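Engineer: The structure's right below; bear with me while I get my questions together.
The values are calculated or read from the model by the stated rules, or taken from the named source; none is laboratory data. All values reported here derive from a predicted model rather than from experimental measurement. FYI the Cβ positions are ideal-geometry reconstructions off the backbone, even for glycines, and counts take in every protein chain you see.
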Amino acid sequence: MTNLQDKKVYDIESFNKEDWSSAYKNVEKELTKEPLKISRGKSIKNLNGTLLRNGPGILERGGQWVHHPFDGDGMITSIKFENGKPFLTNRFVKTKGYLEEEKINKFIYRGVFGTQKNGGILNNVLDLKFKNIANTHVVKLGDEVLALWEAAGPHALNPDNLDTIGLTTLNGVLSPNEAFSAHPKIDLNSKTSSELLVTFGVQTGPKSTIRLMEFNNAGENSGELLIDRKDTFNGFAFLHDFAITTNWAIFLQNAIDFNPLPFVMGQKGAAQCLKSNPNKKAKFFIIPRESGLFRGQPPLIIDAPEGFVFHHVNAYEKDCKIILDSIFYDDFPSVGPDENFRNIDFDKYPEGKLKRSTINLKSKTSELETISEQCCEFGVVNPKNLGLPATFSWMASTSQKQGNAPLQAIKKINLISKEELSWSAGPSGFVSEPIMVPSEKSSEEDDGFLFIILWNGKRRGSDLVILDAKDLKELAVYELPISIPHGLHGSWVN
Ligand SMILES: [Fe+2]
């Protein structure tokens, strides 16, 4: 096991908010197979594969800004490595709403996170239609590349040039525009297939139904739905992410209420109507995977710890327990109707912390332990360890040890010893979710690369940074020919 020592490379010099907020602007152009020039380090010999990233690419139209970057239309970036040489292609996802708004350069849809149409409450009241913005994640399923947004169906893209093919039902698996999570898990350890894509969709209301789907994602019948299961739970469910183990799919239903009235009345976006309810208990919904030992059995419902979770890092089974690592917030972080997201006061928002839930399936109880007090998000493990015990996790974190601030560092943490190692892009660099690509030659868990799209506040542009996953040494930096706003999720396709 690698012994990690905190190298204390943190740059404690405070960040400049304009360096951070300057990333929030529209992506200006679409490029095709643009060769990238290395600006520091050396290219990775024999590297082949494609980095795919999704995130908001349109944040302003006709002088009106979105209220929250999560309301921005999706823009996909692909960086394809051919024997170590990278080529960039980027495309907006040409959704129906994107095309309509692009034509007149004006927002004509309200956003879930609070973007309103011009014209005040009267122009927004009772307008409940929404735009599928396809901005959250991008993955390969079968022969297709899918741009995902959790409240509606996936958009299929041409894998070669990222041109939008259109909304897909995945060969009839989904009903038209059926909700399809933006957090699929790739299971490389199943007996069913060498690669499974496990995902879900939620239909919510006074009762909520989770549809759990497992697709074959390798070989001849890649893209085929193998397993399909539906479970209904009482109450409104807000489920952004989930976790899998060999036998279980684990959902954390936060203790929140949804009061749709301000949304219906045109005052708030739907997500701004979510509110923590201190009198409520969060719940784990633990659904047996139909490929596992407990197929056909009903789900377990177990009280969960206090706090709010968007993202899980990993889960695994140990004896009769599930160990689940997640990023916990003290409360639901939402940008209020009178706040400007480009000028938020970080101190007023709860920070994410890496915590471990131990869920006892026998006693039906759970316990919470804090792994690290430092603010972080976007935690990953080696994809080969997903659903199994993992020693290491990599994540985006603040440069500073305490309090909330933009994510400026990449941290590696030993989940057993809790030792940490960090690489900081501070004071003027801002990181995103690290994509961990394991080394093909080595079976060591931390042998591989980390790919990070970074906002370089100094030159007001985006860089691709490749780090060594073992020691976080900077291997290569490429200055990108497009500026990419702070983004969301991505994947690596071999
Ligand atoms: Fe997410």
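Engineer: List the pairs whose first member sits in the range 475-494 and is within 16 Å of the ligand (Cβ to nearest atom), whose second member is β-branched (Val, Ile, Thr) and in a strand (DSSP E or B), and whose Cβ atoms are under 7 Å apart, counting only residues at least 6 apart or on separate chains?
Structural biologist: What qualifies is 487/453; 490/138; 490/435; 491/138; 491/139; 491/435.
Engineer: Here are 166, 223: which of them is touching a residue at least 60 places away in the same chain (Cβ under 8 Å) and either part of a loop (DSSP other than H, G, I, E, B) or more than 24 Å from residue 298 (Cβ to Cβ) (or both)?
Structural biologist: 223
Engineer: Which one is modelled with the lowest pLDDT, of the residues in the range 1-26 that are hydrophobic (A, V, I, L, M, F, W, C) and assigned to a loop (DSSP other than H, G, I, E, B)?
Structural biologist: 1
Engineer: Which of the numbered conditions does residue 392 fail, given that it passes all the others? Conditions: (1) hydrophobic (A, V, I, L, M, F, W, C); (2) under 17 Å from residue 374 (Cα atoms); (3) out of contact with any helix residue (DSSP H, G or I) (no Cβ under 9 Å at 6 or more places or on another chain).
Structural biologist: All conditions are met except number (3).
Engineer: Of all the strands (runs of 3 or more DSSP E) wholly in the range 408-447, which have at least 1 residues that are of a type in the set (S, T, N, Q)?
Structural biologist: Those strands (runs of 3 or more DSSP E) span 409-414, 420-424.
Engineer: Can you find even one residue in the range 31-51 that is at pLDDT 95 or above and more than 30 Å from residue 468 (Cβ to Cβ)?
Structural biologist: yes
Engineer: Starting from the range 7-23, keep only residues that are farther than 25 Å from residue 473 by Cβ, then list their pairs with residues that are modelled with pLDDT under 85 and assigned to a helix (DSSP H, G or I) whose Cβ atoms are within a distance under 8 Å, requiring at least 6 positions of separation or different chains.
Structural biologist: Every condition considered, the pairs that remain are 17/343; 21/342; 21/343.
Engineer: Scan (1) part of a strand (DSSP E or B); (2) at pLDDT below 95 for the single condition residue 197 breaks and write down its number.
Structural biologist: (2)
Engineer: Follow-up question, since we're still on this one. Please work out which one of (1) surrounded by fewer than 20 Cβ atoms within 10 Å (Cβ to Cβ); (2) more than 17 Å from residue 27 (Cα to Cα) is the condition residue 433 fails and give its number.
Structural biologist: Failing condition for residue 433: (1).
Engineer: Tell me the strands (runs of 3 or more DSSP E) entirely within the range 227-319 that contain at least 2 residues that are β-branched (Val, Ile, Thr), in contact (Cβ under 8 Å) with a residue 40 or more places away in the chain and farther than 30 Å from residue 109 by Cβ.
Structural biologist: Correct list: 283-288, 300-303.
Engineer: Looking at 158, 177, 135, which one is at pLDDT 95 or above and more than 16 Å from the ligand (Cβ to nearest atom)?
Structural biologist: It is 158.
Engineer: Another question, then. Count, please, the residues in the range 27-46 that happen to be in a loop (DSSP other than H, G, I, E, B) and without any contact (Cβ under 8 Å) to a residue 60 or more places away in the chain.
Structural biologist: The qualifying residues number 3.
Engineer: Looking only at the range 173-208, count how many residues are touching a strand residue (DSSP E or B) at 6+ places or on another chain (Cβ under 7 Å) and surrounded by 15 or more Cβ atoms within 10 Å (Cβ to Cβ).
Structural biologist: Count: 23.
Engineer: Now, a different point. On the given criteria, is residue 443 away from the ligand (no atom under 16 Å from the Cβ), in contact with a Lys or Arg (Cβ under 9 Å, 6 or more places away or on another chain) and modelled with pLDDT under 95?
Structural biologist: Yes: the conditions hold for residue 443.
Engineer: Go through (1) closer than 18 Å to residue 158 by Cα; (2) of a type outside the set (D, E, K, R); (3) assigned to a loop (DSSP other than H, G, I, E, B) and name the single condition residue 75 misses.
Structural biologist: Residue 75 satisfies every listed condition except (3).
Engineer: Still on this model: Can you pull out every residue in the range 138-151 that is within 16 Å of the ligand (Cβ to nearest atom) and either surrounded by 21 or more Cβ atoms within 10 Å (Cβ to Cβ) or of a type in the set (Asp, Glu) (or both)?
Structural biologist: Hits for the range 138-151 are 138, 139, 146, 147, 148, 149, 150.
Engineer: Conditions first: (1) assigned to a strand (DSSP E or B); (2) under 16 Å from residue 155 (Cα atoms); (3) in contact with a strand residue (DSSP E or B) (Cβ under 6 Å, 6 or more places away or on another chain). Residue 56 passes all but one, so which condition is the exception?
Structural biologist: Of (1) assigned to a strand (DSSP E or B); (2) under 16 Å from residue 155 (Cα atoms); (3) in contact with a strand residue (DSSP E or B) (Cβ under 6 Å, 6 or more places away or on another chain), only one is false for residue 56: (3).
Rundown of residues vs (1) within 16 Å of the ligand (Cβ to nearest atom); (2) modelled with pLDDT under 95; (3) under 27 Å from residue 197 (Cα atoms); (4) of a type in the set (Asp, Glu), yes/no style:
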{"position": "274", "(1), (2), (3), (4)": "yes, yes, no, no"}
{"position": "281", "(1), (2), (3), (4)": "no, yes, no, no"}
{"position": "299", "(1), (2), (3), (4)": "no, no, yes, no"}
{"position": "303", "(1), (2), (3), (4)": "no, no, no, yes"}
{"position": "306", "(1), (2), (3), (4)": "no, yes, no, yes"}
{"position": "333", "(1), (2), (3), (4)": "yes, yes, no, no"}
{"position": "337", "(1), (2), (3), (4)": "no, yes, no, no"}
{"position": "358", "(1), (2), (3), (4)": "no, no, yes, no"}
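Engineer: I'm told residue 111 meets every condition in (1) within 15 Å of the ligand (Cβ to nearest atom); (2) closer than 16 Å to residue 71 by Cβ; (3) of a type outside the set (A, V, I, L, M, F, W, C) except one. Can you identify the failing condition by its number?
Structural biologist: (1)
Engineer: Sticking with this structure for a sec: Scanning for something in contact with a Leu (Cβ under 9 Å, 6 or more places away or on another chain), assigned to a strand (DSSP E or B), modelled with pLDDT of 95 or more and farther than 26 Å from residue 183 by Cα, does the range 462-473 turn up at least one residue?
Structural biologist: No, the range 462-473 contains no residue that is in contact with a Leu (Cβ under 9 Å, 6 or more places away or on another chain), assigned to a strand (DSSP E or B), modelled with pLDDT of 95 or more and farther than 26 Å from residue 183 by Cα.
Engineer: Next question. Which of the numbered conditions does residue 114 fail, given that it passes all the others? Conditions: (1) assigned to a strand (DSSP E or B); (2) over 24 Å from residue 461 (Cα atoms).
Structural biologist: Going through the list (1) assigned to a strand (DSSP E or B); (2) over 24 Å from residue 461 (Cα atoms), residue 114 breaks only (1).
Engineer: Follow-up. Condition first: touching a residue at least 40 places away in the same chain (Cβ under 8 Å) and out of contact with any Leu (no Cβ under 7 Å at 6 or more places or on another chain). Now tell me which residues in the range 396-407 satisfy that.
Structural biologist: Hits for the range 396-407 are 399, 400, 401, 403, 404, 405, 406.
Engineer: Go through the range 37-83 residue by residue and tally those that are surrounded by 15 or more Cβ atoms within 10 Å (Cβ to Cβ) and of a type in the set (Lys, Arg).
Structural biologist: Of the residues in the range 37-83, 3 are surrounded by 15 or more Cβ atoms within 10 Å (Cβ to Cβ) and of a type in the set (Lys, Arg).
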